Every structure is written in C-alpha cells, then in structure tokens.
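The structure under discussion appears below in the form of structure tokens.
The values are calculated or read from the model by the stated rules, or taken from the named source; none is laboratory data. Predicted model only: the values in this text are computed from it and were never measured. Glycine gets a Cβ as well: all are built from the backbone with ideal geometry, and neighbour counts include every protein chain shown.
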Amino acid sequence: MIANPVAGRGAAAGLIQQARARFAEIGIRDLLITKRAGDEEILVNGAIARGVRSFIVLGGDGTCSRVANAILVSGVECIVAVMPTGTGNDFAKTLGVQRASLEDIATLVATGPPCPIDVGFADGRYFLNSCGFGFDASVLEASNHVRLLKGDAVYIYSALRQLFSYRGIDVSATGAPGVKRSRMLMVTVSNGRFLGGAFKVAPYASVLDGKLDACFFGDSNVVERVKLFVGAMRGTHLGMRSVSAASVQHLSLTFKSNPLMEIDGELRRATSSTVELTCVPRALSVIAAPGALA
C-alpha cells in the first residue's frame, strides 16, 4: 500500500493506520508513506525491484496518477486498487469506488479480478483520467488557494470565481475533424467521464474503448459561460452550439506558447507549445467495483 497522508487536505492521514490493520488481515503488510509529491516513483520502483506486483493507493487523483505513471514507465505488469481519500476522486468514480468503505475496498482487493484499462499519454507523461487546458487549468490553479472548503465544493467555488474573468486561450487541433484554430474557453481530453469531482465533462468516455474523448469549449459571453457551467455539471453540454467533441486515438494541440495544463488534477507547464496526446489501450490493470467499467 502506498499512502499519501496529505491527500484530501490531510484527511488521508487519519485513515492510514486503520487501512494498515485491515489490509494486514488479508496478507498485505507492506505500507509505504509518501513525504512529498514525487516520492511515488521512488517507492514504486523500489517495490517492483523487490518483486511487488500489486499496489493499493490510499490518496487522491494525483497520487494514483503518479503511482500509475511509475508502473507504466517501468514496463512491468502490475495491478492497482484505490482507497480514495482525495479532493475530487475522479479516477475512483471511474472505478466505482468513490464512496466505498475500507471494508469494501479490502473485499474487492481480496476477491475482485483485475481488468486492463486504457490510459492517456501527454507531454511525456501517462495519465489516468484527464488532461485539460485553459479554464480547466486556471480553475485548478485557483483551487490551490482555497482553504476553508473540501471535496467537490473546492472546484465548484473556484470555477465560479473564474467563470466571469478568465480570458480564454488560442489553440488549433490536428486529429479532431471540424475543429479550427480559434479562441476557446477550455479544451479537455478525457479517459474518464468526470473532472473536478462535480463535472461530467466527458459523459460518454470509456476506459475500455481505445479512445480519448476530446471536448472543445468555444469562448463565449457571460450568459453562455453560465450555461456551459451548468451543462458540464449535468453532462448535457455536448449539445450546445459552442461545444465540439471528438473521440480520438491521437490528438495534437498547438498553442501560442507552452500552455499550463492540468493532468490528473495536478498542474504542470507543457514542455512545448504543441502538445501530443495519445490513448494507450489496455495498458494498466485495475481493481474496480463490479459493473463499473462496463
């Protein structure tokens, strides 16, 4: 088990010892605790070198993503299960375990067969759930400064604050038919359906179809932005005039300069003004709730 005690704004810390005791009952006694972002790679590589092939992640989307990235870079086949303790827990929603108790997760780990799922690859890094540009990245950046809220409320509050002031981005796309260079509010490229906890930004996405779901939100006036906000929460935005969507195996996005990007709930600056995104089919084996991935 790899645990991030600061996940969920510190909520994870209180569950670590309970999880340690419960998983020990089913023979899992190796507990590794991160001290800072980036420790996951060191811990995963060390565990794999000792022969470990199964990982339980106690943390949020960022912890899950870094563990998965380390596994995929290693080239060694491993299984990943998730005990969600993050803020948005988007990947846990995909696995159907966002509300699962410690007992539920332990039962799944002990009995559930693994299922291989697709992952995304963008700017030299694998991702599990989503990669976003523009408004998405700006909201995530703003959410890092919200202190009094927790869970989905953090992203909803941050999005509302940005909704009327964000200026949009200039971007062109290769690989998405009909999408021309224009000023856009946001571009999201999703493997899973959810983004920021509360938003169903890719309502038809599947981690089993070998494709990523790209969504292009054209910049618009305040009234249209509000409609987009509400539509994205309900998953009904794809029918709006300012929104274009495409299911892609590969996509190239070009910006005026290296863009700020959100990748599995974490911010990074792209290494180039052109970002290549690719779906890697059935690359990672996971433990999911029955029927969640169907």
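Would you call Arg99 surrounded by fewer than 17 Cβ atoms within 10 Å (Cβ to Cβ), over 16 Å from Leu284 (Cβ atoms) and touching a strand residue (DSSP E or B) at 6+ places or on another chain (Cβ under 9 Å)? Break it down stepwise before answering.
Values: surrounded by fewer than 17 Cβ atoms within 10 Å (Cβ to Cβ): yes; over 16 Å from Leu284 (Cβ atoms): yes; touching a strand residue (DSSP E or B) at 6+ places or on another chain (Cβ under 9 Å): yes.
So Arg99 passes the test.
Give just the number: which of (1) modelled with pLDDT of 80 or more; (2) out of contact with any His (no Cβ under 9 Å at 6 or more places or on another chain) does Gly175 not satisfy?
Here Gly175 clears every test but (2).
Restricting attention to segment 45-57, does a residue exist that is among the aromatic types (Phe, Trp, Tyr) and in a helix (DSSP H, G or I)?
Let us first name the residues in segment 45-57 that are among the aromatic types (Phe, Trp, Tyr), namely 55.
Narrowing the set further to residues that are in a helix (DSSP H, G or I) leaves none.
No, segment 45-57 contains no residue that is among the aromatic types (Phe, Trp, Tyr) and in a helix (DSSP H, G or I).
Out of all the residues in segment 221-237, which are in contact with a helix residue (DSSP H, G or I) (Cβ under 7 Å, 6 or more places away or on another chain) and within 26 Å of Ser252 (Cβ to Cβ)?
Leu228, His237
If you go through segment 5-33 one residue at a time, how many are over 25 Å from the mean Cα position of the chain (by Cα) and assigned to a loop (DSSP other than H, G, I, E, B)?
6
Would you list the strands (runs of 3 or more DSSP E) that sit entirely within segment 218-294 and hold 1 or more residues that are out of contact with any Leu (no Cβ under 8 Å at 6 or more places or on another chain) and of a type outside the set (D, E, K, R)? Can you show your working first?
On the way: elements: 243-248, 250-255, 260-263, 266-269, 274-286.
Because the criterion is at least 1 residues that are out of contact with any Leu (no Cβ under 8 Å at 6 or more places or on another chain) and of a type outside the set (D, E, K, R), the strands (runs of 3 or more DSSP E) in segment 218-294 that meet it are 243-248, 250-255, 260-263, 274-286.
Please specify each residue of segment 155-183 satisfying the condition of being part of a strand (DSSP E or B), under 20 Å from Ala122 (Cα atoms) and not acidic (Asp, Glu). Please lay out each step first, then the result.
So the first thing to find is which residues in segment 155-183 are part of a strand (DSSP E or B), and the list is 169-174, 182-183.
Remaining after also requiring under 20 Å from Ala122 (Cα atoms): 169-174.
Hits for segment 155-183 are Ile169, Val171, Ser172, Ala173, Thr174.
Kindly check whether there is at least one residue in segment 189-209 that is surrounded by fewer than 20 Cβ atoms within 10 Å (Cβ to Cβ) and touching a Pro at 6+ places or on another chain (Cβ under 9 Å).
Taking every residue of segment 189-209 in turn, at least one turns out to be surrounded by fewer than 20 Cβ atoms within 10 Å (Cβ to Cβ) and touching a Pro at 6+ places or on another chain (Cβ under 9 Å).
Given the criteria closer than 27 Å to Gln98 by Cα and in contact (Cβ under 8 Å) with a residue 12 or more places away in the chain, does Phe255 qualify?
Taking the combined requirement at face value, the residue does not satisfy it.
Please return the ranges of helices (runs of 4 or more DSSP H) entirely within segment 59-133 where 2 or more residues are within 11 Å of the chain's Cα centre (by Cα). Steps first, please.
Working: elements: 61-74, 90-95, 102-111.
It comes to 61-74, 90-95.
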